[in-house]
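**Student:** My questions all concern the structure below.
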Amino acid sequence: MEGTWFWNGAISEAVFDTVDIAQAVQAIRVPCFVIFDSRTNRIGVGIQGALTATPSPGAFPVLGILPPIFPEWLGSRTFTMAHGLRFAYLGGGMAHGISSSGMVASLAENGMLGFFGTGGMRLDSIERELLKIQSRMKPTGKPWGMNFIQNPEPDRELQAIELFLRHDVRRIEAAAFMSMNESLVLYLCKSLRTDSEGRTFRRRYIFAKISRPEVAKQFMSPPPEPVLASLRAKHLVTDDEIHMARKVPVAEDIIVEADSGGHTDGRPLNALFPRILTLAREQERLHGLTTPFRVGAAGGIGTPSAAAAAFAMGADFILVGSVHQSCLEAGNSTRVKKMLEEADITDMQMTLSPGLFEQGGQVQVLKKGTHMGLRARQLYRLYQAYESIEQIPPAARAEIEQTIFRMPLEKVWKLTADYFERQNPLDIDRANANPRVKMALIFKWYLGQSSQWAIQGDPDRVADYQIWCSPAMGAFNSWTAGSFLAQNTQRSVAQVALNLLEGAARLTRVQQARVCGVPIDSAAFHYQPTRLELGAEDAHNHNPSGERI
């Protein structure tokens, strides 16, 4: 036994039965000793106890030691320190303010980072919600962010960035970008400073949400020279800002978005994430970067096992989206939250995107309880088949007027024209010059309204609700069945997040024990949600005991 350490503890704390082991390894905040009983030739675990270098009666040889695990330690400490977070957990920005100011503030107050969902919102509405968050969070100094989604109209993008800069928004979540543009580069340039030793650093951060290697590569590189030159020609940036921008990548925080609600490429996380992680290391070497990229995982994360798997793949952080829609703080209707509560993993479908209708772009939505997906596809088939509203056969036109629009198409066009006269009169000019453009705008009226009906909870339009959602919602419902989180009325975003992290930490411990040869009952891989309290942080950024995180 030379060189062997021995575990000495109460005999009741040494367990070898698989059911008892499953219970013992749940005590993640204390060390777990993998021990061997030579009399029965079994591997088990000892909790607490003491190590000795010499054997004594009742002592067991130690095969391994599993240190304490805290939810705060999941992910990258570099990431949490860079952003002043307690947990490597983000709440994604969901359009139309579904990830609301209240949700963003609650995440911040619990040591996490949330992004307000600006997609589809007017600039004045965005500013109003931004100021709400800022007012609530400024006294605390806690970090928060705003979603910044690609817009086909560059002027509107630039206006949003100017708003964020004017109010000193320190973090933005850049979503749906396929190439680098002036608005993103402007935000970068205005965020850079030089310290006393001449090193460039950031005051503000871009979180790049990507699902394609070629897009990720652009964010992992310095901004393109033509974009910098264009900004300089417009006197929007200085020579010093351009000089600093050439030394850094556009973003240091990369969100790898797999199969998600809304716009999605539908790629599995276990295939996409390793590819982007490899790309990040390649780009670091190529550009001689001294600050490694912080790469996080998103899409399909609705259970502790999914979160633990993401961290096991090397994710510096995780981002949760769909599941948060059913939370109390979400900016949608109680009717929608109830529908989400009842969803299973097979209750999703792909349908036409309002913003990419003409190109056939699709989004993932909730199928159960709605006909919106089918009706949107019906409109797209008509758009493909005919050049104008007038060409649609009378029977087909009557059907969509009765079942989808519930009004004559002439009235739909009037409502549409009134909207665009206020928002963008050029679209009306295009529609008057091109009947097919007019048809597309009429059909997109339905797609746009279907989101609003859902957010408002219109009882007469339930079948037409457009609810962006991924199978993660169904997985979450299955996991929480029978627990207090089974009901959406109990789903505060803090309880959802804390339970996902607590469960991920426990499953990580269970897997560590199994890798060490400990026999693990399958029941150990299920963590039942429980009400958790946020304990005070100590010097190591964790709380050492009990059910307090």
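The values are calculated or read from the model by the stated rules, or taken from the named source; none is laboratory data. This structure is a prediction, so every number in the text was calculated from the model and none was measured. Methodologically, a virtual Cβ is constructed for each residue, glycine included, from the backbone with ideal geometry; neighbour enumeration extends over all protein chains shown.
**Student:** Quick check on this structure: which one of 448, 482 is at pLDDT below 95 and either part of a loop (DSSP other than H, G, I, E, B) or surrounded by fewer than 22 Cβ atoms within 10 Å (Cβ to Cβ) (or both)?
**Tutor:** Step by step, each of 448, 482 is checked, and only 448 is at pLDDT below 95 and either part of a loop (DSSP other than H, G, I, E, B) or surrounded by fewer than 22 Cβ atoms within 10 Å (Cβ to Cβ) (or both).
**Student:** Continuing with the same structure: If we keep just the residues of segment 281-303 that are surrounded by fewer than 22 Cβ atoms within 10 Å (Cβ to Cβ) and of a type in the set (A, V, I, L, M, F, W, C), which is farthest from the chain's Cα centre (by Cα)?
**Tutor:** Result: 286.
**Student:** Could you say which residue among 518, 510 is touching a strand residue (DSSP E or B) at 6+ places or on another chain (Cβ under 7 Å) and modelled with pLDDT of 95 or more?
**Tutor:** 518
**Student:** Which condition breaks for residue 457 when tested against (1) more than 30 Å from residue 62 (Cβ to Cβ); (2) touching a Lys or Arg at 6+ places or on another chain (Cβ under 6 Å); (3) buried (at least 20 other Cβ atoms within 10 Å of the Cβ)?
**Tutor:** If we test residue 457 against (1) more than 30 Å from residue 62 (Cβ to Cβ); (2) touching a Lys or Arg at 6+ places or on another chain (Cβ under 6 Å); (3) buried (at least 20 other Cβ atoms within 10 Å of the Cβ), just (3) comes out false.
**Student:** Of everything in segment 125-154, what is within 16 Å of residue 93 (Cβ to Cβ) and β-branched (Val, Ile, Thr)? Give them in sequence order.
**Tutor:** Within segment 125-154, 126, 133, 149 qualify.
**Student:** Can you give me the number of residues within segment 261-275 that are at pLDDT 95 or above and either of a type in the set (D, E, K, R) or under 13 Å from the mean Cα position of the chain (by Cα) (or both)?
**Tutor:** The qualifying residues number 2.
**Student:** Something else about it: Taking segment 416-429, which residues are exposed (fewer than 15 other Cβ atoms within 10 Å of the Cβ) and part of a helix (DSSP H, G or I)?
**Tutor:** 418, 421, 422, 423, 425, 426, 429
**Student:** If I ask for residues that are assigned to a helix (DSSP H, G or I) and of a type in the set (D, E, K, R), which ones from segment 389-415 would you list?
**Tutor:** 390, 397, 399, 401, 410, 411, 414
**Student:** Give me the strands (runs of 3 or more DSSP E) completely within segment 123-196, filtered to those with at least 1 residues that are assigned by TED's automatic domain parsing to the domain that holds residue 242 and surrounded by fewer than 17 Cβ atoms within 10 Å (Cβ to Cβ), ordered by residue number.
**Tutor:** On the way: elements: 145-149, 171-175, 192-194.
Result: 192-194.
**Student:** Please go through segment 109-124 and pick out each residue that is of a type in the set (A, V, I, L, M), closer than 13 Å to residue 91 by Cα and free of Cβ contacts under 8 Å to residues at least 60 places away in the same chain.
**Tutor:** Within segment 109-124, 113 is the sole residue that qualifies.
**Student:** If you take the residues in segment 505-529 that are touching a Ser or Thr at 6+ places or on another chain (Cβ under 8 Å) and either touching a residue at least 60 places away in the same chain (Cβ under 8 Å) or among the charged types (D, E, K, R) (or both), which one is farthest from residue 115 (Cα to Cα)?
**Tutor:** 519
**Student:** So, one more: Only residues that are at positive phi and surrounded by fewer than 13 Cβ atoms within 10 Å (Cβ to Cβ): list them for segment 231-280, please.
**Tutor:** Residues of segment 231-280 that are at positive phi, as a first pass: 235, 262, 266.
If the condition is that a residue be at positive phi and surrounded by fewer than 13 Cβ atoms within 10 Å (Cβ to Cβ), then 235 is the only one that fits.
**Student:** Restricting to segment 349-359, name every residue that is out of contact with any Phe, Trp or Tyr (no Cβ under 7 Å at 6 or more places or on another chain) and not in a strand (DSSP E or B). Walk me through it before giving the result.
**Tutor:** First, the residues of segment 349-359 that are out of contact with any Phe, Trp or Tyr (no Cβ under 7 Å at 6 or more places or on another chain): 349-351, 353-356, 358-359.
Passing the criteria: 353, 354, 355, 356, 358, 359.
**Student:** Being closer than 13 Å to residue 4 by Cα, modelled with pLDDT under 90 and of a type in the set (A, V, I, L, M) is the filter here, so list the residues in segment 50-71 that pass it.
**Tutor:** Within segment 50-71, 51, 53, 59 meet the criteria.
**Student:** Same structure again: If you take the residues of segment 197-206 that are assigned to a loop (DSSP other than H, G, I, E, B) and of a type outside the set (Gly, Ala, Ser), which of them is surrounded by the most Cβ atoms within 10 Å (Cβ to Cβ)?
**Tutor:** Across segment 197-206, the extreme among qualifying residues is 204.
**Student:** Let me ask another. Output the strands (runs of 3 or more DSSP E) that fall wholly within segment 214-332 and possess 3 or more residues being of a type outside the set (Ser, Thr, Tyr) and touching a Phe, Trp or Tyr at 6+ places or on another chain (Cβ under 6 Å), or say none.
**Tutor:** Output list reads 253-257, 294-298.
**Student:** Suppose the filter is small (Gly, Ala, Ser) and in contact with an Asp or Glu (Cβ under 9 Å, 6 or more places away or on another chain); does residue 82 pass it?
**Tutor:** Yes, satisfied.
**Student:** On to the next question. Just to be sure, is residue 75 of a type outside the set (D, E, K, R) and either modelled with pLDDT under 95 or within 21 Å of residue 157 (Cβ to Cβ) (or both)?
**Tutor:** It is false that residue 75 is of a type outside the set (D, E, K, R) and either modelled with pLDDT under 95 or within 21 Å of residue 157 (Cβ to Cβ) (or both).
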